[in-house]
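Data block below; observations after.
What follows is calculated from the coordinates using simple rules that are stated; it is not laboratory data. Small disclaimer: the values here were computed from a predicted structure and weren't measured. Cβ: placed from backbone, ideal geometry, glycine included. Neighbour counts: every protein chain shown.
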Amino acid sequence: MQTAIQHFPVLIVAISLVSAISILVAGWTNKKTPPFISITTVLAQFVASILILNHVLTKGPIHYWLGGWKPPWGIEYVVDVLNAYVLVILLFLGLTCAVYSKRSIEHELPQKTVSFYALYQLLITGLCGVTVTGDIFNMYVFIEIMSLSAYALIGSRGKIALKASFTYLVLGSIGACFFLLGIGFLYSVTGSLNMHDLSILLPPLYGNKMVRAAFVLFIVGLSVKMAFFPLHTWLPDAHAFAPSEISAMLSGIIIEVCTYAFIRLAFSVFSVNFLTLLPIFDILCWVAGIAIIMGSLLAMTQFNLKRMLAYSSVANMGYIMLAVGLSTSAKNFPWCGLTPALMHMLNHALMKGCLFLVAGAFIYKADLWNIAELRGLGRRMPYTCAAFVIAAISMIGVPPSVGFVSKLYIIFASLEAKKFAFVAILLVSSLLNLVYFWRVIETMYMKREEGEEHAHASMNSRDEIPLSMLIPVLGLASLCMVMGVLWLAGITIPILNKVNAMFGLMVVR
Amino acid sequence: MIEIEESLRPWLAIACPALAAIFILFSSKLPNLREGWTLLASIVQFWMIYSMVPVILKGTTIESYLFTVFPGIQFGFKVDAFGLIFAITSSFLWILVSIYSIGYMRALREHAQTRYYCCFALAIFGAVGIALSGNLVTMFIFYEILTVSTYPLVAHEQTPEALFAGRKYLAYLFTAGCFLLGAVVLTYSLAGTTDFDKGGILSVAIAPRSVLMVLFVFFLLGFMKAAYMPFHSWLPTAMVAPTPVSALLHAVAVVKAGVFGIVRMVCYIYGIDLMHELGLGIMLASLAAFTMIVASLFAIAQDNLKRRLAYSTISQLSYIILGVALLSPMGITGAMIHIPFHGFMKITLFLCAGSILVTSGKENISEMGGIGRAMPITMMAFTVGALGMCGAPPTGGFISKWFLGLGTLQAGNLIFLAVILISSLLDIVYFFPIIYTAFFAKSGGTTLRLNKGRKIKEAPLFMVVPLSITALLSIVFSFPNPFTDTILNLARMAVSILGGG
Amino acid sequence: MEWFIEEVFAKYNYWISIILMLIGFYAMIAKDNLIKKIIGLNIFQTAIFLFFISLGVVKGGTAPIVDEEMVSKGYVYVNPLPHVLILTAIVVAVSTTAVALSLIIRMYEEYGTIQEEEIIEKSRVKG
């Protein structure tokens, strides 16, 4: 059994790839099978990822050498606590979206279900690959696999979605090229591509201009991919026109995996010592602060529901990067190090995933894109709207939801780092969140539909979405609250503390 | 020595409204069952809370913590005498207002009743949680739950005015929530804990004076629920809500949560000595005095009955703030007992306003000529409540104002005694015309009849009974009886622990 | 003059790379025609590939084929790893170009033009 689990990281990536091809083959004969193949695959991957997390927490990191070649000659897959945590989050959201998409895609893209699911599996392949790999060039390749699938999926609805996808393609490729250039710089001074190897070879070279330039290139390249202000401009268009489960994956996971890539590079390849040499993280904090405010302000001006949520994602990436920026200065348990950043990765995936799936439900049922058209939906689709309300108040930061816990931890981290401006920024952004989310909630519940005088309970006009779409939505919404209590109770914090200990970010008490 | 007892009773008390909210959601098709849940939960909750009284009066506190959020912050309850006063008020009045709501909502055939009862239960959940909480973080969590759960109640009517009122309500209270969160976090980083302690947890030793004073302002802004001026305007605007909502929430639970928070902050976070040292008592007292007088002046100008009562509430809340700002034992006692006494009297007034609305559809005082003759019980109860507001014997209001007056003498600030007296005079100025119009004014031929020509009679039984009970209790409070003694003893206990006379 | 020789001529591979990168970048941003944007992207990527490959140059090295005779004579080999990496990167670039071109074809079918401005105009009308 011990050797079996060593293969799981590769297996997760491989079965996804195999299932993408098998979906193409199977779909050629029978158009009904692709959703089931996809859901089964992602379910198997999710179970495997939980087993990996369990193994990593109890026994230690998993190392896998592709082809049996020892590093630094061969490509190595390393799964430690950070990887395993992100892997679980991404596969959970992937599973939820896969279940949700079955009905939704049949409705939106009836002729393209086969290709959709094949591409979806490729997307999951790319995401898993980025997460488990221990080689930076391999990471580049998987980022591109993930991005290419995303480009195709976003453009799958046709018409203006194609333009949005094209913009994302161009910008994303530029970002990836910067990333590649950074890899080139590092390779030219060290001659190695393995992350662990680099972390040994780099320390003497921290003063080298190539190394510093490489770091900047990494930041810029990944910022494009993770929609970090001011390189976020592709995100609102991509969200507005993509199918909703892809939006959920995009905001919930794709940009977050790029944040993970940044954390991995910053802490595993360039260690904490490098980060404290230059005031990079201070600048990062300030840019993140601006991202938070600008994202929230721009969200307030939108009429389209999904665009509004897209700008909200920009603001939330600001939260994560702010937390990353503070990670070297915040040392007191329990908000030390990377805990707030990683916590918000999970929380944002839950909340944003739920919000986008609900937006998709509105489009599925009634083709409603704009906020003003959502009048009276609270009565027609009560469960869906209830899920939206829960996720929205979670984003605003009402206790005891996950959004509140994230903000609480980040506030404490900024207080400890003596950067009081960020406390103010976080509180102001909560208020801004309130403004734009409450518009939607008010329209859903309080405004009456045209022609309705006194809002009598018209129960007969209830028109809820099908169960296979409703369960993921409600599941995510309830997790918003349940995980919040779990975070508050400190039950899941030890996982994140191990990450901190691994990177040397925690003061041992 | 304060002994500490571990008990599950706080959790049981909180669980009643929470479970009721869930059951109400599921019983939306069966109105009688749904109302039954509310009544059952309210009675069980009151019984739970009242059962904690003997324990507290012996001098022990009941503590029960669930988990640790951060080192030094545990999520849980610490029941002491002061918290119990607020909890008793809220839970008892929930019973009465629930009975009243049944009559009100059914008489008006209101929409969305399930949402109403469910949010009501959640609001009480929040209020009692605030009352029993043991530290700032727990209190903050319930505070925000209270804000969110009362929004659907304020915007219930779903008319444009109601939506506007709801938005204003959220805007004020959410901003307050942000300030409160900032204040709580700052307190934790200064003091390392947020527990309520009798001597206060802050001192000049741990932070410079300027920081402590800024922190005080943040706390004060965080407690905007107390509707002090100039942040009061959400309260009159929120009067578009159905009357039972205005009655409980805005006369008892929401605004009382605000003043409760202020008293907790002054006595248990800052401590009386620190308040003296920083001179914040005078500042707070001046704010309260200003609000008292100006709110009464505004009240005189209002014709809408509920708005007039809203400004009266704003004025009365400042009595509580003044009492605690005086920092003298009598003053603090007066403030603490004014919380329940004012609650009972104000609820009487609001319930009467509601029954007038239900039977005659009238909202403005100028139209209510002669209504006292058509609805004698209601207007008698109103008179009792009004007497209590003015501080006239034999109502409970007289007792609390007596204590407040003694408090000003004890603190040596005679100017505030003058303020109290002037304000009481102003109370008479705006309450007396209502009573006069109701009983003695001539009713024009049409005023005593509804539009359809039916004669106005007394309100339905479900509504008349609760308001009579509250009116009677307001009178009963001024005489020695077990209930009054309990409240007084709890207050005395709280103050003595704080280190007063 | 010496500085010129040292900085520019000696490091010509880096300069060519930079100039090509800038040309490609400019094309991506400034050109309206979508095909030209993709061409710009390709130029940009090619510049990076050239930079990478030139990193692997070893003075006087020959192709990295291991032959006992050449090893015993002490021949020096060019570093093959950058070549391999760039092969992978070329594959990625080709896939990206393929996806981009397919998007352009679809857009042409939909809007009848491949000028970016016109597409935005038409989308506003069409919705």
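What residue among C:24, C:56, C:74 has the largest mean-square fluctuation in a Gaussian network model of chain C, using Cα springs under 10 Å?
C:74
Which of A:70/A:209; A:407/B:225; A:331/B:225; A:419/B:78 have a Cα-Cα distance over 27 Å?
A:70/A:209; A:331/B:225; A:419/B:78
Take every Cα pair under 8 Å in chain A that's 6+ residues apart, average their separations, divide by the length, and report that relative contact order as a whole percent.
After rounding, I find 14 percent.
Please identify which residues in the stretch A:169-183 have an amide N closer than 20 Å to a label point set 7 Å out from the Cα of residue A:283, following the Cα→Cβ vector.
Answer for this model: A:175-183.
At q = 0.15 Å⁻¹, what log₁₀ I(q)/I(0) does a Debye calculation on the Cα points of the stretch A:200-354 give, no solvent, two decimals?
Each listed q corresponds, in turn, to -0.76.
Sort B:106-114, A:312-320, A:396-404 by the packing proxy (mean of other Cβ within 10 Å over each peptide's residues), most packed first.
Most protected by this proxy first, the peptides run A:312-320, A:396-404, B:106-114.
Provide the convex hull volume over Cα atoms per residue for the stretch B:229-356, in Å³.
Convex hull of Cα atoms, per residue: 90 Å³.
Taking only DSSP H segments of four or more residues, each worth -39500 (n - 2.57), what value at 222 nm results for chain B once the sum is divided by all its residues, to the nearest 500 deg cm²/dmol?
Counting only the DSSP helices, I get -23500 deg cm²/dmol.
Treat the count of other C-beta atoms within 10 Å as a stand-in for reagent exposure and order B:29, A:419, B:168 from fewest to most.
B:29, B:168, A:419
Taking 41 Å as R0, compute the FRET efficiency from the Cβ-Cβ separation of residue A:69 and residue B:67 and round it to 0.05.
The calculated FRET efficiency here is 0.30.
Quick one: what are the phi-derived ³J(HN,Hα) couplings along the stretch A:9-26, Karplus 6.51/-1.76/1.60 with θ = phi - 60°, whole Hz, x for glycine and proline?
x, 5, 4, 4, 6, 5, 5, 5, 5, 4, 5, 4, 5, 5, 5, 4, 5, 5
Could you tell me the convex hull volume per residue, in Å³, taken over the Cα atoms of the stretch C:2-126?
Taking only Cα atoms, the stretch C:2-126 has a hull volume of 106 Å³ per residue.
Starting from the 7 Å offset along Cα-to-Cβ, what nm value, one decimal, do you get for the label separation of residue C:58 and residue B:489?
9.5
Dividing the alpha-carbon Rg of the stretch B:367-445 by 2.2 N^0.38 Å yields what?
Here the answer is 1.36, to two decimals.
Report P(r) for the stretch B:100-248: all Cα-Cα distances, bin width 10 Å, range 0 to the bin holding the largest distance, values in whole percent.
11, 35, 30, 16, 7, 1, 0
I need the phi-derived Karplus couplings for the stretch C:62-77: 6.51 cos²θ - 1.76 cosθ + 1.60, θ = phi - 60°, integer Hz, Gly and Pro marked x.
Once rounded to whole Hz, the list reads 10, 4, x, 10, 7, 10, 3, 4, 6, 5, 5, 7, x, 6, 9, 10.
If you split all Cα-Cα distances of chain A into 10 Å bins from zero, what percentages do you get per bin, shortest first?
So the P(r) values, bin by bin, are 4, 20, 31, 27, 13, 4, 1, 0.
Return the tail of the calculated pair distribution for the stretch B:270-333, meaning the percent of Cα-Cα pairs more than 13 Å apart.
Beyond 13 Å sits 62 percent of the P(r) for the stretch B:270-333.
Can you give the Rg and Dmax of the protein assembly as shown based on its C-alpha atoms, in angstrom?
That works out to 33.9, 126 Å for Rg and Dmax.
Short version: ³J(HN,Hα) in whole Hz for each residue of the stretch B:95-103, in order, from phi by Karplus 6.51 cos²θ - 1.76 cosθ + 1.60 (θ = phi - 60°), x for Gly and Pro, what are they?
Per-residue couplings from phi come out as 4, 5, 5, 5, 4, 4, 4, 4, x Hz.
Mind ordering A:148-156, B:356-364 by average Cβ neighbours within 10 Å, highest first?
A:148-156, B:356-364
Which aspartates and glutamates, if any, have their Cα less than 12 Å from the Cα of residue C:59, not counting same-chain residues under 8 positions apart?
Here the aspartates and glutamates satisfying the reach criterion relative to residue C:59 do not exist.
Run lengths n ≥ 4 of DSSP H only: what is the helix-derived mean residue ellipticity at 222 nm for chain A, with -39500 (n - 2.57) per run over all residues, to the nearest 500?
For chain A, the value works out to -24000 deg cm²/dmol.
When the dipole is taken about the Cα centre of the protein assembly as shown, and only Lys, Arg (+1) and Asp, Glu (-1) are charged at their Cβ, what size is it in debye, to the nearest 20?
2280
Assuming R0 = 35 Å, what is the FRET efficiency of residue B:206 and residue A:54, from their Cβ-Cβ distance, to the nearest 0.05?
Approximately 0.20, to the nearest 0.05.
Under a crude label model (7 Å from the Cα following the beta-carbon direction), how far is residue C:84 from residue A:492 in nanometres?
Between residue C:84 and residue A:492, the label points sit 4.0 nm apart.
In whole Å, what three semi-axes, largest first, describe the equivalent ellipsoid of chain B built from its Cα gyration tensor (square root of 5 times each eigenvalue)?
35, 26, 21
With the alpha-carbon atoms as the only input, what is the per residue convex hull volume for the stretch B:62-176 in Å³?
It is 112 Å³ per residue.
Set Lys and Arg Cβ to +1 and Asp and Glu Cβ to -1, take the dipole of the protein assembly as shown about its Cα centre, and tell me which of A:3, A:94, A:268 lies farthest positive.
Positive-most Cα among the choices belongs to A:94.
Give the order of A:196, B:338 when sorted by the count of other beta carbons within 10 angstrom, beginning with the fewest.
Ordered by Cβ neighbours within 10 Å, fewest first: A:196, B:338.
How crowded by other chains is B:147-154, given as the mean number of beta carbons from other chains within 10 Å of each beta carbon?
Across the residues of B:147-154, the mean count of other-chain Cβ atoms within 10 Å is 2.
FRET efficiency for residue B:197 and residue C:5, Cβ-Cβ distance as r, R0 = 60 Å, nearest 0.05?
Computed FRET efficiency for residue B:197 and residue C:5: 0.15.
Can you give the angle from 0 to 90° between the axis of helix C:34-55 and the longest principal axis of chain C, with both taken from C-alpha atoms, to the nearest 10?
10
Mind scanning A:112/A:365; A:306/A:352; B:346/B:401; A:112/C:122 and naming the pairs with a C-alpha gap bigger than 18 Å?
A:112/A:365; A:112/C:122
Looking at the stretch B:279-501, I'd like the Rg to Rh ratio, where Rg is from alpha-carbon atoms and Rh is Kirkwood's inverse mean 1/r.
Checking Rg against Rh, the ratio lands at 1.03.
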